Structures are given as C-alpha cells and as structure tokens.
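I have placed the structure first, in the form of structure tokens, so that the comments after it can refer back to it.
The values are calculated or read from the model by the stated rules, or taken from the named source; none is laboratory data. Keep in mind that this is a model prediction, so the values were computed, not measured. Positions of Cβ are backbone-derived with ideal geometry, glycine not excepted, and every protein chain shown enters the neighbour counts.
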Amino acid sequence: MHADLSDDERDHIPVISTGELPSGERVRELLIEAHERYGSVTTGQVADYIPALADASPDLFGLAVMGVRGRSFSVGDSAVEFSIQSVSKPFVFALVCEALGFDEARKRIGVNNTGLPFNSVMAIELNADRTMNPLVNAGAIATTSLVPGDSADEKWQNVLGGLSKFAGRPLAIDPAVYASEAANNMHNQGIARLLESYGRMYFDPFEATDVYTKQCSINVNVTDLAVMGATLADGGVNPLTGERVVSADTCKRVLAVLATAGLYEQSGEWMYDIGLPGKSGVSGGIITIAPGKGGVATYSPPLDAAGNSVRGQLASKFLSDLLGLNLFASAPVMSALVE
Ligand code: GLN
C-alpha cells in the first residue's frame, strides 16, 4: 500500500473542518496532488463478475469536487463514463424516502449495517428484519421495489428521472453493461425471491431485480458523481441547477445510512480514516459527502477484496484530510488559553 502522509504534511492539515471548502486554487492544487500521489498505485483488481465491467482499463483515474456554492473542479479521466452500480443506491433510497417518508422507509428497509459483503444472502438469514439497509443488494432491491410506479417501466422512469435530477443532466443506461449483468444476475434474483418469502419485497421480485439492474447500469462520469454528492451535501438542492431534488430531512437520513453502511463491511474502517458519509460501487466510483460543503468523487476501477476502489479510497482520505472535511475533527475551543 502507498505510504501515508509524512509528519510534516500532517502538520499542515487543518485540524478541523473549516465550514467552507478552501479557496478554488487550493482545491485544484490538492486534486492535482492526489492524482499524482496515487496514480501510480497498482494494487487491486478490476471487477469481472459482471463480464462487461472487466473491459475497463485499470489505469483510468479521475477525481472531482463540487462545492455547494456551485464551484466545480476535476482532474484526470473526469469525462470517462462508467456504470454507476452501487453508488445509485443512496439516491434511489432518497427517492423512496421522499415518496414514503423516512420513517416508513426505515420500517420497510432498515438502517443498520450488516457487517457482511454487499451481496450476502447470510445477512438476510442471520437478521430477523431480513433487509438491513438500502445500501447492500438485499435492501437496495427492496428499495427499488418501493419506487413509485404501477409498472416496472414506470418505476424505471422514476429512477432514471430522479438520478438525472441529482446529476443535473439527463443520464442514460449503458446497454452493454445492462445486458451483461442481466444475463448474470441469478444471485440478485435469488436474493429478491428470498426477501419475497419473508414479506420484505414490495413488487414482483424479478421485475424489481430488473429495474435494479438497469439502475446500476446508468452511465455517469466522476463529475456527475460529485454533483450528485453535492446535492446531498446541500440539503437536497442541486448546486448546479438550483433545483430542489429531495428534502433536507431526506438528505439527513440518507447521509446517516451512508455513514453506517456505505462501504459495506469496511464502513467502520472508512469512517475511521475519512470521517464522512461515502458510497462505493464495483465499477470503481466512490462519492464522499461533506455536509454543507460539497461532494467529492473518485473513479478508478481496481478494487480491494471488499469491492471498494483502492486508489479512490486513498484519494478520498487525502482529500478529506487536506480539505479539512472530517466530521469528527475538533480542536479545544479554549486551546488559546490552555497553551
Ligand atoms: N450491480 C451490482 C450488483 O448488484 C452492484 C454491486 C456494487 O456496486 N457493489 O452486483
């Protein structure tokens, strides 16, 4: 693994979150530095359990930041499109919170960590509530089954339209990734069927899995992800378009679930290092949300064993530290008197 920050570098880290992103020049400088620092890391494997994902070049590396005041920064492969995969999950959960209310959504889906991999069937068997949260496949497919719409197509249109509002531009599906996953998603169909047996699937399980598979195949670039994250950081208003996408109450709950389960069984490690709600996906994207400040997004396909982008985690940590975003960082308010 790449060397951590040196002591000298640590001395220059703002100990607490500043309330604002630093100056544009500083953000740009840090993005370039993160890109240079971690671009040479070669550990990790590109996902291949969905055959179409295996075609992604392991060298791709893009970083983006979007501030809640509309400032946008990017470096590297920021225009390259990739399927959103699991990064779609918090946004579909947000749409369902809007439709059902966040308390009802909690009742139907759950908001606790499973401590198990994203596609775990054991997590369903071991937990009395069956679906544990909207960010692992079981809860995510159940969440998709709750999206408003009488038919699978209406649900799909609502998912696509909703995620496009989060991104601030019309998004579209990658047909090759969809076809590839649809031909290989018996495991997810099995999960949906199992949930049905427990009364925790709220639409036809196969149709819900199909809408979920389409949702995971929506194409985005790293800048889109930063805008989507910034919308959650901005009380539900998209800083690019000025449009309200979801309520501030919904945002608060979505960020809470991300904080507990966004990086699956690695969520504790992520919180320990980065100190912010985040979400990863198997195509190599990660979003990090700094509430009230903005969204940070990374794209790099090689993943660790839990399915999280290796370079993405390193760059997210570097940016969280150096941009002063960690939610848990504080300095004694009376320190001037004590010292
Ligand atoms: N579509 C993928 C799946 O269900 C998403 C998983 C992920 O990104 N972790 O297997």
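In summary, G19 fulfils each of the numbered conditions (1) closer than 11 Å to V75 by Cα; (2) loosely packed, with under 14 Cβ neighbours inside 10 Å with the single exception of condition (1). Could you list, ordered by first residue, the pairs with Cβ atoms under 9 Å in which the first is in segment 158-186 and over 23 Å from M66 (Cα atoms) and more than 16 Å from the ligand (Cβ to nearest atom) and the second is of a type in the set (V, I, T) and assigned to a loop (DSSP other than H, G, I, E, B), at least 6 apart or interchain? The qualifying pairs are N158/V147. When N133, N127, N221 are screened for being under 19 Å from R108 (Cβ atoms) and in contact (Cβ under 8 Å) with a residue 40 or more places away in the chain, only N133 passes. For segment 194-220, the tally of residues that are surrounded by fewer than 23 Cβ atoms within 10 Å (Cβ to Cβ) and away from the ligand (no atom under 15 Å from the Cβ) stands at 9. Of all residues in segment 268-306 being among the aromatic types (F, W, Y) and crowded, with 24+ Cβ neighbours inside 10 Å, which is nearest to N326 (Cα to Cα)? Out of the qualifying residues, it is W270. Just one of (1) part of a helix (DSSP H, G or I); (2) in contact (Cβ under 8 Å) with a residue 40 or more places away in the chain; (3) crowded, with 19+ Cβ neighbours inside 10 Å trips up A99, so point out which. Evaluating A99 over (1) part of a helix (DSSP H, G or I); (2) in contact (Cβ under 8 Å) with a residue 40 or more places away in the chain; (3) crowded, with 19+ Cβ neighbours inside 10 Å leaves (3) as the failure. Among the residues of segment 102-123, those identified as of a type in the set (A, V, I, L, M) and either within 14 Å of the ligand (Cβ to nearest atom) or surrounded by fewer than 24 Cβ atoms within 10 Å (Cβ to Cβ) (or both) are V111, L116, V121, M122, A123.
Among all positions in segment 56-75, there is no residue which is assigned to a helix (DSSP H, G or I) and within 14 Å of the ligand (Cβ to nearest atom).
Apart from one condition, E9 fits all of (1) part of a helix (DSSP H, G or I); (2) surrounded by 12 or more Cβ atoms within 10 Å (Cβ to Cβ); (3) at pLDDT 95 or above; the exception is (3).
Check segment 48-55 and report whether any residue there is among the charged types (D, E, K, R), in a helix (DSSP H, G or I) and under 16 Å from R311 (Cα atoms).
Residues of segment 48-55 that are among the charged types (D, E, K, R), as a first pass: 48, 55.
Remaining after also requiring in a helix (DSSP H, G or I): 55.
So of that shortlist, the ones also under 16 Å from R311 (Cα atoms) come out as none.
The answer is no; no qualifying residue exists.
Is at least one residue of segment 139-151 within 16 Å of the ligand (Cβ to nearest atom), touching a Phe, Trp or Tyr at 6+ places or on another chain (Cβ under 6 Å), within 25 Å of Q266 (Cα to Cα) and not in a helix (DSSP H, G or I)? The answer is no, given that none of the residues of segment 139-151 is within 16 Å of the ligand (Cβ to nearest atom), touching a Phe, Trp or Tyr at 6+ places or on another chain (Cβ under 6 Å), within 25 Å of Q266 (Cα to Cα) and not in a helix (DSSP H, G or I).
Tell me, yes or no, whether segment 258-267 has at least one residue that is away from the ligand (no atom under 14 Å from the Cβ), over 27 Å from D7 (Cα atoms) and surrounded by fewer than 24 Cβ atoms within 10 Å (Cβ to Cβ). So far as segment 258-267 goes, yes, one or more of its residues are away from the ligand (no atom under 14 Å from the Cβ), over 27 Å from D7 (Cα atoms) and surrounded by fewer than 24 Cβ atoms within 10 Å (Cβ to Cβ).
Restricting attention to segment 314-339, and to residues there that are in contact with a strand residue (DSSP E or B) (Cβ under 7 Å, 6 or more places away or on another chain) and without any contact (Cβ under 8 Å) to a residue 60 or more places away in the chain, which single residue is surrounded by the most Cβ atoms within 10 Å (Cβ to Cβ)?
Here is the first cut: in segment 314-339, the residues in contact with a strand residue (DSSP E or B) (Cβ under 7 Å, 6 or more places away or on another chain) are 315-316, 319-320, 325.
Subsequent filtering for residues that are without any contact (Cβ under 8 Å) to a residue 60 or more places away in the chain retains 316, 320.
Working: S316: 28, S320: 23.
Looking at the filtered set, the residue picked out is S316.
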